[in-house]
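Enquirer: Got a structure for you, written out below as structure tokens; questions coming shortly.
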Amino acid sequence: MHKKMIAGNWKMNCGQSATSDFINKLEDLLESDETGKRSSKAIESELIEIVIAPPFTSIGAAVAARRSEKINISAQNVHYEPKGAFTGEISLGMLEEAGCKYVIIGHSERRHVFGETNELLERKLVATLESKVLPIFCVGELLADREAGRTETVLRQQLEAAWLSLTSDVVAEMLVVAYEPVWAIGTGKTASDKDADDACGFIRELAQEKFGAATADALRVLYGGSVKPENSAGILAQKNIDGLLIGGASLDVDSFTKIITTSV
Ligand code: PGA
């Protein structure tokens with residue numbers, strides 16, 4: 001059984017003081033009552049893993065506010081070069097030094113709002129896998145793709161471009177893939193449990209084609225897109241889904257905690 005990941009992507013929300021308050025309250029809630037304590041136990045027994053991805057400038061505040069290692073910190077983006085004349089960019093070494101365990105790569109807003117291509121994302125993924133930071137690599141189709149029956153074609157294009165040069169060991173041990181249908185992000189429209197499971201199952205099939213069955217089994221695949229406390233347990237119960245990447249509902253510490261508690 002895989003360790004389930006419950007990850008909050010805060011996008012461009014929460015400055016330093018809001019971040020410290022959130023982390024303090026989350027740790028309090030994870031200690032406070034029976035359900036909170038059950039979640040803490042599940043974290044300690046490595047059944048679940050909690051990740052928060054604040055904006056770059058709040059990463060330090062998140063790390064400083066933690067009283068334990070229960071909450072892992074992720075960045076939302078990275079550049080593949082280690083240093084140099086890349087105004088506005090942040091390197092993997094900087095993320096590692098700041099205390100990030102993970103980085104989100106290829107979120108649909110990076111792809112569709114900022115125009116990041118499959119080729120660019122492949123460079124980011126390869127550089128990350130050579131660093132000490134672990135990637136959460138996002139894929140997902142637009143509404144027009146889904147309506148045209150092109151979901152699998154898009155997932156195949158995005159993943160085949162991304163893992164072109166990867167080896168099965170690296171994929172099995174280090175890669176987390178997040179399936180986030182673009183039409184479900186921030187829209188309140190969640191994929192049905194079955195559609196989410198089918199797409200995550202297809203991602204596993206692609207991994208099996210390229211890397212073999214053992215790697216496909218070991219690969220961690222998350223679902224993201226309008227996840228909330230009301231639908232999180234149903235999605236997490238699906239056999240191909242190993243966790244959740246949560247946007248809007250991760251900004252509210254009570255709903256994020258509820259999602260954690262429904263996952264154990
Ligand atoms: P949402 O965002 O939960 O607000 O739909 C998910 C994401 O963008 O990762």
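The values are calculated or read from the model by the stated rules, or taken from the named source; none is laboratory data. Every value quoted in this text rests on a predicted model; they were computed, and no experiment measured them. Every residue, glycine among them, receives a Cβ derived from its backbone with ideal geometry; neighbour counts consider all protein chains shown. The protein model used for the area step is the full one, side chains on, heavy atoms only, and it has no ligands, DNA or RNA in it. Shrake-Rupley method; radii C 1.70, N 1.55, O 1.52, S 1.80 Å.
Enquirer: In sequence order, what are the phi-derived ³J(HN,Hα) couplings for region 252-264 according to the Karplus relation 6.51 cos²θ - 1.76 cosθ + 1.60 with θ = phi - 60°, rounded to whole Hz, with x for glycine and proline?
Expert: Going residue by residue, I get 9, 5, 5, 5, 4, 5, 4, 4, 4, 5, 6, 8, 10 Hz, with x marking Gly and Pro.
Enquirer: Could you work out the relative contact order of the chain, using alpha carbon pairs under 8 angstrom and six or more residues apart, expressed as a whole percent?
Expert: Over the chain, the number comes to 20 percent.
Enquirer: Of the peptides 27-35, 51-59, how do they stack up when ordered by the mean number of other Cβ atoms within 10 Å, highest first?
Expert: Working: 27-35: 15.0, 51-59: 22.0.
Averaged packing, sorted descending, gives the order 51-59, 27-35.
Enquirer: Here is a follow-up. Scan around residue 220 for amide H atoms under 5 Å from its own, H built in the peptide plane at 1.01 Å from N, and keep only partners 5 or more places away or cross-chain.
Expert: For residue 220, whose amide H was placed from the backbone, the distant partners under 5 Å are 177.
Enquirer: With both partners inside the chain, how many of the DSSP beta bridges are antiparallel, as a percent to the nearest 5?
Expert: 0 percent
Enquirer: Further question: Order 13-22, 248-257 from most to least packed using the mean count of other Cβ atoms within 10 Å.
Expert: Values: 13-22: 17.3, 248-257: 18.9.
Highest-to-lowest ranking by the protection proxy: 248-257, 13-22.
Enquirer: For region 153-215, report the accessible area per residue in Å² (1.4 Å probe, heavy atoms, rounded to an integer). It would help to have the intermediate numbers written out before the result.
Expert: Numbers: 2640 Å² over 63 residues.
On a per-residue basis, 42 Å².
Enquirer: Could you tally the net charge around residue 253, taking each other residue with its Cβ under 11 Å from the Cβ of residue 253, Lys/Arg +1 and Asp/Glu -1?
Expert: Details: positive: 25, 258; negative: 21, 27, 28, 252, 254.
Once positives and negatives cancel, what remains is -3.
Enquirer: Which whole-angstrom value gives the distance between the alpha carbon centres of region 183-197 and region 61-95?
Expert: Measuring centre to centre over Cα atoms gives 29 Å.
Enquirer: Using the Karplus curve 6.51 cos²θ - 1.76 cosθ + 1.60 with θ = phi - 60°, what ³J(HN,Hα) values do you get for each residue of region 184-190, in whole Hz, with x for Gly and Pro?
Expert: 9, 8, x, 9, x, 8, 8
Enquirer: Taking the alpha carbon gyration tensor of the chain, what are the square roots of 5 times its eigenvalues, largest first, to the nearest whole Å?
Expert: On the way: eigenvalues 135, 101, 61 Å².
Value: 26, 22, 18 Å, ordered largest first.
Enquirer: Residue 48's amide H: which non-local residues (gap 5+, or another chain) put their own amide H closer than 5 Å, with H modeled 1.01 Å from N in plane and none for Pro or chain starts?
Expert: Correct list: 4, 43.
Enquirer: Hey, another quick one. Would you rank 142, 92 by solvent-accessible area, highest first, keeping every protein chain in place and using a 1.4 Å probe?
Expert: So the residues, ranked largest to smallest area, are 142, 92.
Enquirer: Rounded to the nearest 0.05, what FRET efficiency do residue 3 and residue 147 give with R0 = 45 Å and r taken as the Cβ-Cβ distance? Could you check?
Expert: 0.80
Enquirer: Related question: Can you send over the carbon and sulfur percentage of the accessible area for region 83-198, probe radius 1.4 Å, protein chains only?
Expert: That share works out to 52 percent.
Enquirer: Related question: Mind jotting down the distance between the C-alpha centroids of region 216-254 and region 13-52, whole Å?
Expert: 16 Å
Enquirer: Using a 1.4 angstrom probe and counting only protein chains, how large is the accessible area of residue 169 in Å², to 10?
Expert: 100 Å²
Enquirer: Might you report the magnitude of the Cβ-based charge dipole of the chain about its Cα centre, with Lys and Arg at +1 and Asp and Glu at -1, to the nearest 20 debye?
Expert: That gives a dipole near 240 debye.
Enquirer: Which ³J(HN,Hα) values, rounded to whole Hz and listed in residue order, are derived for region 6-20 from phi using the Karplus coefficients 6.51, -1.76 and 1.60 in 6.51 cos²θ - 1.76 cosθ + 1.60 with θ = phi - 60°, glycine and proline given as x?
Expert: Computed from phi, the couplings for region 6-20 are 10, 10, x, 9, 7, 6, 8, 9, 6, x, 5, 6, 5, 5, 4 Hz.
Enquirer: Long-range amide H contacts for residue 103: which residues qualify at under 5 Å (H placed 1.01 Å from N, peptide plane, sequence gap of 5 or more or a different chain)?
Expert: 75, 134, 136
Enquirer: May I pose another question? Along Cα→Cβ, 7 Å out, is where each label goes; now give me the distance between the ones at residue 192 and residue 217 in nm to one decimal.
Expert: Output for this residue pair reads 3.0 nm.
Enquirer: Just tell me which lysines come within less than 28 Å, Cα to Cα, of residue 83; anything on the same chain fewer than 8 places away is out.
Expert: Reachable lysines: 11, 101, 124, 132.
Enquirer: Then there is this: At 7 Å along Cα-to-Cβ for each site, give me the label-to-label distance between residue 28 and residue 252 in nm.
Expert: Each label point lies 7 Å from its Cα, and together they span 1.8 nm.
Enquirer: Between 212, 243, 106, where does the largest GNM mean-square fluctuation fall for the chain, given springs only between Cα atoms within less than 10 Å?
Expert: Highest fluctuation among the options: 212.
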